[in-house]
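Reviewing the structure listed below.
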2 protein chains.
Amino acid sequence: MGTSGPPTQLDPPLNARPGGRSARVRDAVLTAVYEELAEVGYPRLTVDNVANRAGVHKTTVYRRWGSVDVILVDALHRTTADGWRAPDTGTVEGDLVAVTTEIARTFGEAHERAIPSALVAAAFQSPLAAEAMSAFYAARQHAAAELVVRGVDRGELPRAVDPVEVVRAACGPLFYRIFITREPVDTATARRCALAALAAARAGVI
Amino acid sequence: MGTSGPPTQLDPPLNARPGGRSARVRDAVLTAVYEELAEVGYPRLTVDNVANRAGVHKTTVYRRWGSVDVILVDALHRTTADGWRAPDTGTVEGDLVAVTTEIARTFGEAHERAIPSALVAAAFQSPLAAEAMSAFYAARQHAAAELVVRGVDRGELPRAVDPVEVVRAACGPLFYRIFITREPVDTATARRCALAALAAARAGVI
């Protein structure tokens, strides 16, 4: 894995206009790497199989990304930059419950869970994937913290709260059940986790 | 992996007296499977290498356990039954901070972290390991919940709290940082996680 040659006349320049062939190839390859990862797991992920699944010639994939790790990191960066925004229901409780409920729903269904679970698993085996995952969660936590800031502005929470810490307190116990203790989560669990984090925030502890 | 023959005269009966050859072999093999796992990771774990590291003939290991998964599960069961008890400092806050601090210390140092991290990673790849890990955490949470029960008995927490849920609320955000978002944890983080869980418990939310 990792052979790469010089570009040929047949290949359009990288970073071509959005919607051009280069963007379509990237789209197909980044979608394929997630699907392939969910199906076979990181240890058996290969550039050749990702290229096959994407319907893109493997030489093109090797030249552009070089290795499965680089494809995976590119896919994670694309997901990180997907413009996810915190829900805005009008109350901090409604917003935080919406976030934890989204997590419980995503990981509660086998089909929905396959790709994110495979990504969490891959982070244990690839330092590059681990770094990209960490950046993904940092971005998501930062975006979700916006709902805490709005709650503070509305006077629902004390000024001194650490917005990201409230997000961690709400989401942490859910991820812990899903990936560490492997206990079931449902919408009631999700709600309780959000309320617990808000109680701690109101008590001035986080 | 998985060949096994009938016992021979050279092998002592399984479940021989503690301290006998059978117990020493088990000890060596279960210690070796953790060390080997931490060193090479689950995908490259083999019965032969575990046997080599333990200094036990591989035929003996195949006959007794049959596969690396069975060795790993046996090791996890031994760890689960190690008699771990919740700390008893005299206050629920002291006890819960002691538990979260132990987690932060264990996973804060590369040397201490190697085996438990490798076990969490293995659970993503082996359903048998995942089940044994789940049983391990269920037992640990149950044992730790004792400190919440004592706190309730001393009148430090409301009668209605769910003791295991308080443990999850305290420990979840730590494991989340360590294994999902891959953010650093220290004793201040550990203390804050314990205090947040207690605030939620006092507020009657968990």
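The residues of segment B:17-47 that are surrounded by 20 or more Cβ atoms within 10 Å (Cβ to Cβ) and of a type in the set (A, V, I, L, M, F, W, C), listed by number, are B:V25, B:V29, B:L30, B:A32, B:V33, B:L37, B:L45, B:V47. A single member of A:A143, A:A139 is within 11 Å of another protein chain (Cβ to nearest Cβ) and in contact (Cβ under 8 Å) with a residue 12 or more places away in the chain, and it is A:A139. When B:P173 is tested against (1) surrounded by fewer than 17 Cβ atoms within 10 Å (Cβ to Cβ); (2) of a type outside the set (G, A, S); (3) under 30 Å from A:A118 (Cα atoms), exactly one condition is not met: (1).
May I ask you to list the residues in segment B:82-105 that are assigned to a loop (DSSP other than H, G, I, E, B), modelled with pLDDT of 95 or more and of a type outside the set (K, R)? Those that are assigned to a loop (DSSP other than H, G, I, E, B), modelled with pLDDT of 95 or more and of a type outside the set (K, R): B:W84, B:A86, B:P87, B:D88, B:T89, B:G90, B:T91. Look at (1) assigned to a helix (DSSP H, G or I); (2) more than 20 Å from A:I206 (Cβ to Cβ); (3) at the interface with chain A (Cβ under 8 Å from one of its Cβ atoms) and you find that B:Q125 fails only one, number (1). When B:H142 is tested against the conditions (1) touching a helix residue (DSSP H, G or I) at 6+ places or on another chain (Cβ under 9 Å); (2) over 21 Å from B:W84 (Cα atoms), the lone failure is (2).
Candidates in segment A:62-118 are the residues that are among the aliphatic types (A, V, I, L, M) and farther than 22 Å from A:F175 by Cα; of these, the one that is surrounded by the fewest Cβ atoms within 10 Å (Cβ to Cβ) is A:V70.
Scanning segment B:173-182 for residues that are within 21 Å of B:A200 (Cβ to Cβ) and either free of Cβ contacts under 8 Å to residues at least 40 places away in the same chain or hydroxyl-bearing (S, T, Y) (or both) yields a count of 5.
Of all residues in segment B:181-191, one or more are within 7 Å of chain A (Cβ to nearest Cβ), assigned to a helix (DSSP H, G or I) and over 13 Å from B:L96 (Cα atoms). Filter segment B:90-108 down to the residues that are away from every other protein chain (no Cβ under 12 Å) and under 20 Å from B:T31 (Cα atoms) and list them by number. Correct list: B:T106 only. Residues of segment B:50-60 include none that is closer than 30 Å to B:A144 by Cβ and either part of a helix (DSSP H, G or I) or within 14 Å of chain A (Cβ to nearest Cβ) (or both). Among the residues of segment A:192-206, the one identified as within 23 Å of B:A139 (Cβ to Cβ) and more than 7 Å from chain B (Cβ to nearest Cβ) is A:C193.
Results for (1) over 22 Å from B:G94 (Cα atoms); (2) outside the structural domain of B:A38 (by TED's automatic domain parsing); (3) part of a helix (DSSP H, G or I); (4) in contact with a His (Cβ under 6 Å, 6 or more places away or on another chain), shown as yes or no for each residue.
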residue: B:R113; (1), (2), (3), (4): yes, yes, yes, no
residue: B:S134; (1), (2), (3), (4): yes, yes, yes, no
residue: B:A139; (1), (2), (3), (4): no, yes, yes, no
residue: B:A143; (1), (2), (3), (4): no, yes, yes, no
residue: B:P158; (1), (2), (3), (4): no, yes, no, no
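The residue list A:A190, A:A145, A:A132 contains one member that is modelled with pLDDT of 95 or more, within 21 Å of B:S134 (Cα to Cα) and of a type in the set (G, A, S), which is A:A190. B:V167 passes every criterion in (1) more than 9 Å from chain A (Cβ to nearest Cβ); (2) touching a residue at least 24 places away in the same chain (Cβ under 8 Å); (3) under 30 Å from A:A139 (Cα atoms); (4) surrounded by fewer than 21 Cβ atoms within 10 Å (Cβ to Cβ) apart from (4).
The values are calculated or read from the model by the stated rules, or taken from the named source; none is laboratory data. Predicted, not measured: the structure shown is a model, and the values here were computed from it. Every residue, glycine among them, receives a Cβ derived from its backbone with ideal geometry; neighbour counts consider all protein chains shown.
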